[in-house]
Amino acid sequence: MLTFALRRAVLGLLVLATVALLVFVAIRFVPGDIVNQQLSEAGAVTPELLEQKRAQLGLDQPIATQFGHWAKGVLVGDLGNSLWTGRPVAAQIGAALVPTMQLSILAIVLGAVLGIGAGVGAALWRGTPGDMVLRVTSTVFLAIPQLWLGLLTLTGLAAIGYFIPLPYRSFSNAPLVNLQQVIFPAVTLSLGVAAALSRLTRSAMLEVIGADFIRAARARGVSSYGIYVGHGLKNALIPVITLLGTQFGHLLSGTVIIERIFNIPGLGSLLFEAVATRDYPVLQAAVLTYGLITIIVNLLVDLSYGMVDPRVREARS
C-alpha cells in the first residue's frame, strides 16, 4: 500500500506540474492585459508607459523565463505578490482557502448522506412509487445548473422574508452567523452531489442484492438491516467512493459560482476576481491550489478502497 501511495503521489505531482504549465501559458493568451487595465485606470496609456510597466512587472520576459522564475518560487513556498495589491499571494490563498474548504466539506458530507441514503432507499423500494419519485428527483437536480439553483435559493429565501446576514464572518469569530451564511450555499452545492450518488448507489445496491452471498445471508437468518447495510451497502461502496472523489472535484469548481452568488470570500471568489483583473500570480496560485486539493482527495479515495474491500488491499500488497 505504501508503494502504491507513493506511486500515485508522484503521478499526481506530475499532473499538477502539467496543469500549472498549461494554465501559466494559457492565461497569457486570454484577451485583455493587466498592464492596459492598470494604466487605463490611471488615465494615460502610451506605448512607452506600456513597455515600462511590463518591464517593471517582469511581463516583458519570454514566457519560458517567467514560468521558470514562478516555478522556482513555488518550490520554495513563494507564490509571489499580487500584481494589483502587492500583497503576498500565499496570504491571500490561505485566507480564502478556509471558507472554501468549510463550504466544500459541509456540502460533500450533506451530499453523501442524502445521496447514499436516497440510493439505498430507492434500491429497497425498487419498482414502487417511492423509487420513481427518488429517481425523478435525482434526474431533476442533475439537470439544474448550479448558477440557476443558487439564484433560485436566494430568491426563495427572500420570498419568505429571510436574508442571509452580511458581511461574511468566520466560524472562529461568530459561529452561529457563519453557519447561517454557509448552510444554504452548502445545501445548494450538495444537491447535485446527492443526485449523482443516489443513482449510482441504487444501481450498485441492486447488483449486490442479487448476489449469492446475500441469498446465503438470508438463509442464515441475518436481519434485513444486516443484509442491506452490513453486507449490501459495504460491498456496493467501491463505485460510490470513486464517484464521491470525482464529485468533490466538481464541487470545488462549483464554489467559484456559488461563492460569488452568496458573497463568500473564498477561493472561488478570489479566482473569479483574479480572472477579471488578469492578476496572474493570484490566478496561477488559485488554480494550483484547486489542483492540489483534487489530487489529495483522489489519493485518499484510492487508499480508502483497501479499507472498504480487503481484496483490493491484498491485491496491492
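The values are calculated or read from the model by the stated rules, or taken from the named source; none is laboratory data. Please read these numbers as outputs of a predicted model, since none were measured by experiment. All Cβ positions, glycine included, derive from the backbone under ideal geometry; neighbour counts span all protein chains shown. Side chains are part of the model used for accessible areas, which takes the heavy atoms of the whole protein and leaves out ligands, DNA and RNA. Shrake-Rupley method; radii C 1.70, N 1.55, O 1.52, S 1.80 Å.
Across the range 150-156, coupling constants 3J(HN,Hα) worked out from phi with the 6.51/-1.76/1.60 Karplus curve, θ = phi - 60°, read x, 5, 5, 5, 4, 5, x Hz, and Gly and Pro carry x. For Asn81, the amide hydrogen comes within under 5 Å of the amide hydrogens of Val89, counting only partners 5 or more places away or on other chains and with H modelled in the peptide plane.
Each Lys or Arg adds one and each Asp or Glu takes one away; over the other residues whose Cβ falls under 13 Å from the Cβ of Trp70, this sums to +1.
Taking Thr85, Thr277, Thr137 as the candidate residues, the one with maximal mean-square fluctuation in a Gaussian network model of the chain, Cα springs under 10 Å, is Thr85. Taking only the alpha-carbon positions of the range 40-169 and ignoring solvent, what does the Debye formula give for the base-10 log of I(q)/I(0) at q = 0.11, 0.16 Å⁻¹? The computed values of log10 I(q)/I(0) come out as -0.78, -1.02.
Kirkwood Rh over alpha-carbon pairs of the range 166-299, then Stokes-Einstein at 25 °C and 0.890 mPa s: what D in µm² s⁻¹, rounded to an integer? Could you put the intermediate results ahead of the total?
On the way: Rh = 17.8 Å.
The calculation lands on 138 µm²/s.
The angle between the Cα long axis of helix 234-261 and the main principal axis of the chain comes to about 30°, on a 0 to 90 degree scale.
Think of it as helices only: each DSSP H run of n ≥ 4 in the chain is worth -39500 (n - 2.57), and spread over all residues that comes to -26000 deg cm²/dmol at 222 nm. Ordered from highest to lowest accessible area with the whole protein assembly present and a 1.4 Å probe, Leu6, Leu124, Leu244 read as Leu6, Leu124, Leu244.
Considering only protein heavy atoms, what per residue accessible area in square angstrom results for the range 60-121 with a 1.4 angstrom probe? Write down the numbers at each step before the final one.
On the way: 3080 Å² over 62 residues.
I get 50 Å² per residue for this part.
Taking the Kirkwood radius as Rh and the Cα radius of gyration as Rg, the range 119-173 has a ratio of Rg/Rh equal to 1.21. Surface composition of the chain: carbon plus sulfur atoms contribute 68% of the solvent-accessible area (1.4 Å probe, protein chains only, all chains present).
Here the chain was treated as a single set of alpha-carbon atoms; its pair distances binned every 10 Å from 0 give 5, 21, 26, 23, 15, 7, 3, 1, 0 percent.
Compute the accessible area per residue over the range 143-203, keeping the other protein chains in place, probe 1.4 Å, unit Å². Provide the component values of the computation, followed by the final result.
On the way: 3190 Å² over 61 residues.
Heavy-atom SASA per residue in the range 143-203 reads 52 Å².
Applying the Karplus relation 6.51 cos²θ - 1.76 cosθ + 1.60 with θ = phi - 60° to the range 283-295 yields 3J(HN,Hα) values of 4, 4, 5, 5, 5, 4, 5, 4, x, 5, 4, 4, 5 Hz, where x marks Gly and Pro.
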